[in-house]
Structures are given as structure tokens and as C-alpha cells.
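Student: Please see the structure below; I have some questions.
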């Protein structure tokens, strides 16, 4: 199954080299948060606010995950509690926000 992960650009090198790793989770529970394609705008805004960076400095990745590892949190939001190797993480360059913040 393909879901998406939003992360600050500053994390790009680590993600490209080591994939998505639970040890870098900022929350008490070590989870990797994922979203459906149609929740992308919300995810970019949320990650931007949580990490204190502009929306232009958020990367979105397409992530291949086994359905047995995925837990649903809310509509269009999911998490896994296992690491996702770099081979299963690809940059997803589909722009959805223009320079004026409109999609």
C-alpha cells in the first residue's frame, strides 16, 4: 500500500540514506506518521507548524508499507511502529501549494 509522509527538508539526507526510523519520532510513542494523498495539504501545514518551518521547506514522500504494519488513526491519517527502509521511500514532488499558499 502507498501512503505519504511529510517531513522538514532538513531531514532529507537522513531519510534518503536510512529511510524513516522510529527512533527519530518527536512524540512519546515512537511512531512514523503517514497520510493519504487527499490529506497532503493538512499534513504539510501540520508538519510546518510543529517543526517551526515554512511550508516551502516540507518534503513529501511516497511510502510503500505493508498493510499489516499500518494502523489507522483518523480519516486519512495512519501510523506505523516499525522502521521503513529507504528503498520503500521515494520523494513525491507533486506541488499542491503555490507561492501565495493556495492549492
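Just so it is clear, none of the values below were taken in a lab; they were calculated from the coordinates. Just so it is clear, the structure is predicted and the values come from calculations on it, not from any experiment. Quick reminder, even Gly has a Cβ in these numbers, built from the backbone with ideal geometry, and neighbours come from all protein chains shown.
Student: Criterion first (surrounded by fewer than 19 Cβ atoms within 10 Å (Cβ to Cβ) and touching a residue at least 60 places away in the same chain (Cβ under 8 Å)) does residue 14 satisfy it? Don't jump to the end; show me each part of the working.
Tutor: On the way: surrounded by fewer than 19 Cβ atoms within 10 Å (Cβ to Cβ): yes; touching a residue at least 60 places away in the same chain (Cβ under 8 Å): no.
Criteria not met by residue 14.
Student: Within the stretch 42-52, count every residue that is surrounded by 15 or more Cβ atoms within 10 Å (Cβ to Cβ) and within 12 Å of the chain's Cα centre (by Cα).
Tutor: The total comes to 6.
Student: Test residue 78 against the criterion of being in a strand (DSSP E or B), touching a residue at least 60 places away in the same chain (Cβ under 8 Å) and touching a strand residue (DSSP E or B) at 6+ places or on another chain (Cβ under 9 Å), and give yes or no.
Tutor: yes
Student: Something else: Mind counting the residues in the stretch 1-11 that are within 16 Å of residue 70 (Cα to Cα) and surrounded by 14 or more Cβ atoms within 10 Å (Cβ to Cβ)?
Tutor: Let us first name the residues in the stretch 1-11 that are within 16 Å of residue 70 (Cα to Cα), namely 1-5.
Next, from what is left, pick out any that are surrounded by 14 or more Cβ atoms within 10 Å (Cβ to Cβ): 3-5.
Total meeting the criteria: 3.
Student: Can I ask one more? Within the stretch 22-32, track down each residue that is surrounded by 15 or more Cβ atoms within 10 Å (Cβ to Cβ), in contact with a helix residue (DSSP H, G or I) (Cβ under 8 Å, 6 or more places away or on another chain) and under 20 Å from residue 87 (Cβ atoms).
Tutor: Hit for the stretch 22-32 is 32, nothing else.
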